[in-house]
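Read the structure below first, then the notes.
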Amino acid sequence: MLKRVLHYFVPHKKRILAIFVVSILVSLFSLSDAWLMGRMTDAIFYHTKGMAVTINVSINQTKDYNLDLVKTTPWSANQVDLMKKDINEHGFTTKSAGSPGNNSIVVGVQAPQNIAKDPLRMLSILQNDLKKHFSGIHVYISGEVRTIQKGFRLFPQYYTIFILPFFVIVFYFLRGIFTYTQNYLIGSVGQKTIRRLRNEIYENLQNLSISYFERNKTGQTGQIISRILNDIDSINYLFTSGIINIALQPLMVVIGLAWGFYINWKLTLMFGLVIPFMAIPVSSLTKKLKVVNVQIMNKSADITDVLEETLSGIKVVKAFGMEKYE
């Protein structure tokens, strides 16, 4: 059965793939309704502002270091100037330096982010370069290290409450577009599949032998017409939204349960306790409806048969005045 159903969907596999993608988006939009209504309720009744939407735009980021430079002999003023020049050549900015006359001197430097991201490598490069002019020198990081970020802020003092009305309009606009696209694709695939099924049934009728129609001559014309028209209309749901719902409803249940456990796992478990009490009546009602639906289809076929017989012999009925009997 499933193989025969899939046989009719194969020519429309690209559209069916598009239907699944759009249907997943529609499902996500439907599940997001609860979150959106919650934000609107908080804003209306509790006057909450929501989350800040301020955006920090960073232009440049630097780090300030205090370097302790130690060598075996005291520092002279000329050596301090030469040391500053060497440090600046590596992309640093020398901000301050201690007084000469001691073996150790503290130098405040500002390092770009691309250099300061690896402090140990930075110290190794500085020490190897300074050793060319100052033998036995050692470089250490001492004191405070701070990060300075230069930039600007977009939308300061703005919160999600200010963009919520615009977001609601965009949300339902997109949801409407995706829903329309879903219905259009489902309808096109369903109608093309139904047309193919009816054509195949009609072609099969044309290829049946005369003996078949002789054996089923009485009361069968209306039955055949009903099979082509009414019965195929009854299974139209299967070829349209039925397959999509069968595939997507479990996905929506899984996403909904995951979201429920994330929000409140205790309440979600309590909801799970109610499911058996809902599933048992629904299952029993479905079985009864299945039997009733078969009876309706058979009665519809009988009505079509009576109509076909009456209309095809209307001249005979009129000739003998049998309108009341009919």
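Of all residues in region 116-145, which are modelled with pLDDT under 75 and surrounded by 11 or more Cβ atoms within 10 Å (Cβ to Cβ)?
Scanning region 116-145 gives A116, K117, D118, P119, I141, S142, G143, V145.
How many residues does region 163-176 hold that are surrounded by 15 or more Cβ atoms within 10 Å (Cβ to Cβ) and at pLDDT below 85?
1
In region 177-195, which residue that is modelled with pLDDT under 85 and aliphatic (A, V, I, L, M) is farthest from the chain's Cα centre (by Cα)?
I194
Taking the residues in region 69-101 that are acidic (D, E) and at pLDDT 80 or above as candidates, determine which candidate is nearest to I137 (Cα to Cα).
D86
Looking only at region 203-258, filter to residues that are in contact with a helix residue (DSSP H, G or I) (Cβ under 7 Å, 6 or more places away or on another chain) and hydroxyl-bearing (S, T, Y); which one of those is modelled with the lowest pLDDT?
S241
State all residues of region 4-45 that are within 25 Å of the chain's Cα centre (by Cα) and among the basic types (K, R); if no residue qualifies, say none.
K13, K14, R15, R39
I need the full set of residues from region 1-20 which are at pLDDT 75 or above and either polar (S, T, N, Q) or surrounded by 12 or more Cβ atoms within 10 Å (Cβ to Cβ) (or both), in order please.
P11, H12, R15, I16, A18, I19, F20
The values are calculated or read from the model by the stated rules, or taken from the named source; none is laboratory data. Model, not experiment: these values are computed from the prediction. Please note: Cβ atoms are built from the backbone with ideal geometry, for glycine as well, and neighbour counts cover all protein chains shown.
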